[in-house]
1. Quick one: is residue 236 surrounded by 21 or more Cβ atoms within 10 Å (Cβ to Cβ) and closer than 24 Å to residue 374 by Cα?
2. Hey, among the residues in segment 219-259 that are outside any helix (DSSP H, G or I) and without any contact (Cβ under 8 Å) to a residue 60 or more places away in the chain, which one's nearest to the chain's Cα centre (by Cα)?
3. Taking residue 94 as the residue in question, decide whether it is modelled with pLDDT of 95 or more and either within 29 Å of residue 143 (Cα to Cα) or touching a strand residue (DSSP E or B) at 6+ places or on another chain (Cβ under 6 Å) (or both).
4. Go through (1) free of Cβ contacts under 8 Å to residues at least 12 places away in the same chain; (2) farther than 24 Å from residue 395 by Cα one by one and return the number of the condition residue 296 breaks.
5. Does segment 67-76 include one or more residues that are out of contact with any strand residue (DSSP E or B) (no Cβ under 8 Å at 6 or more places or on another chain), away from the ligand (no atom under 16 Å from the Cβ) and on the phi < 0 side of the Ramachandran plot?
6. Among what's in segment 319-333 and is over 18 Å from the mean Cα position of the chain (by Cα) and surrounded by fewer than 22 Cβ atoms within 10 Å (Cβ to Cβ), pick the residue that is nearest to residue 361 (Cα to Cα).
7. Would you mind finding the one in 331, 279 that is modelled with pLDDT under 95, within 16 Å of the ligand (Cβ to nearest atom) and under 27 Å from residue 186 (Cβ atoms)?
8. Looking at segment 313-337, I want the residues that are on the phi > 0 side of the Ramachandran plot and have a partner that is more than 15 Å from the ligand (Cβ to nearest atom) with Cβ atoms under 9 Å, at least 6 apart or on another chain. Which pairs are those?
Ligand code: UD1
């Protein structure tokens, strides 16, 4: 199995173009199912999760092709309504296909996603919301069977928590429907707006995406369209962590600083200079990073839970102590034991981690426990003295395109073998 090896200590410098957002590309690919004809998605990252999404689409009868970072999906002849268990297991977030499959075929059969590396991943909000749209859902031997008698029907939905996936599933199911759906307490993440922008360009009538109230006026038909995926704010945050940790000076291109406000404030507090200009960002580190007294992960526009692991790796070499509270996922700290192998001084209790910054980390053998935990190991490896070996890097490939090539171009001593 391939591993990444990093000889730490090199200062990152140079320019890097950030790839398209994984968490936008996945729901947008699901949304192509709703469109009669061909949709062309630009800036679609080359990631294993995207490859799984394309296999799901092909399994449903779509004709898909990729040319560089442009993916075309022709959904003219959708012939299936199910996601095989093996594909569902490969990517828990394939649950976002549920709303799109039902929207297109008026029925769906998917296996229940169960737990994942981040702990239990319930879908109760998805199910209760879809039921409010007139979709009948029953569970049988680990499978969810969904069907609609005649038409999906708009309704008022109050989410008890602004779940990203549930908001996306409701939008996908309600786009082709009778009547109007209003989502109260909707997730406000930029990826929700990106999904709505894609669907609106296909002919949908979705208003308010990016706010906590999203209104979807159902339409009868959507057409194939063309769309460019927004930049990946978590990949950008990861490379910034690498630059700050190595006292670097980098320019990130193709990013949207307005999507990164909470993170950029945090990096400034760490003591680095950040200069946004149009869709580029210069990050210049001045000295050893300063601690952040308290970090609490929150829904957008708060500090994103997915940026927690690389930021934790950065703070493990900061001057001072940080208290980190994970409030979105129950079981996100597995990677901390791996950071400790490199000499990080982190203590955890429940969802709270206390990071006492140490002056240096030392290379060691490690393995990824999950996608962003893997990113944390890369950041730590960039700064650790000696060689860091990272195993189970298939987790990293789910969310980072060409990570070792990008870091090599920025001056890191990194290779994949
Ligand atoms: C999405 C992102 C993920 C990110 C997360 C939070 C994708 C593919 N994944 O995941 O990278 O970390 O948003 O920003 O876009 N919950 C329930 N019941 C539900 C749904 C969610 O209890 O029906 C809980 C979850 O267990 C979790 C919290 O709500 O504790 C947040 O989940 P949610 O916002 O739904 O995240 P995802 O859509 O799974």
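1. Spelling it out, residue 236 is indeed surrounded by 21 or more Cβ atoms within 10 Å (Cβ to Cβ) and closer than 24 Å to residue 374 by Cα.
2. 219
3. No.
4. Result: residue 296 passes all but (1).
5. Looking only at segment 67-76, we keep the residues that are out of contact with any strand residue (DSSP E or B) (no Cβ under 8 Å at 6 or more places or on another chain), and these are 67-68.
Filter again for away from the ligand (no atom under 16 Å from the Cβ), leaving 67-68.
Narrowing further to those that are on the phi < 0 side of the Ramachandran plot: 67.
Looking for residues that are out of contact with any strand residue (DSSP E or B) (no Cβ under 8 Å at 6 or more places or on another chain), away from the ligand (no atom under 16 Å from the Cβ) and on the phi < 0 side of the Ramachandran plot, one finds at least one in segment 67-76, hence yes.
6. 319
7. Values: 279 fails: within 16 Å of the ligand (Cβ to nearest atom).
The unique qualifying residue is 331.
8. 320/290; 320/291; 320/292; 320/293; 320/356; 320/357
The values are calculated or read from the model by the stated rules, or taken from the named source; none is laboratory data. What you are looking at is a predicted structure, and each value in this text was computed from that prediction instead of being measured. Here Cβ is always computed from backbone atoms with ideal geometry, including for glycine, and neighbour counts include all displayed protein chains.
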